[in-house]
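The values are calculated or read from the model by the stated rules, or taken from the named source; none is laboratory data. Remember, predicted model here, so these are calculated numbers, not experimental data. Each accessible area value is taken on the protein alone, full model and side chains, heavy atoms only, with ligands, DNA and RNA left out. Shrake-Rupley method; radii C 1.70, N 1.55, O 1.52, S 1.80 Å.
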Amino acid sequence: MLEDGCCQPGHGTPRQRKRIGDNFAKELATDVAQNGTIKRLVMDRGFGFLSGEDGKEYFFHRSSVEGSFEGLQEGQKVSFDVEASAPKGPRASRVRVA
């Protein structure tokens, strides 16, 4: 047996894994809401990019759109949350028409 009751290296106990997951969920919960404009849509691949009021560009996936992805248009005003701790950098979530 390894320390902390683990059977394999790199694997925590279920309780340890849950704590790690809880911390990740708390990081995502610190999202920042803002407004912006749809800069580019790639309809056939199901994603797009937003230009935020802060001047930054944010990626978003069709699964993060509240409502119809197909109903979105470039230049349209939207509000969204920013996942600051997304794996590949800031990402827009909960995208909704403003």
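Stretched out straight at 0.36 nm per residue, the stretch from Met43 to Ser85 would grow longer than its current Cα-Cα span by 12.6 nm.
Based on protein heavy atoms only, segment 35-98 ends up with 58 Å² per residue of surface accessible to a 1.4 Å probe.
Note on segment 48-98: percent of Cα-Cα distances in each 10 Å bin, starting at 0 and stopping at the bin with the largest distance, equals 27, 61, 13.
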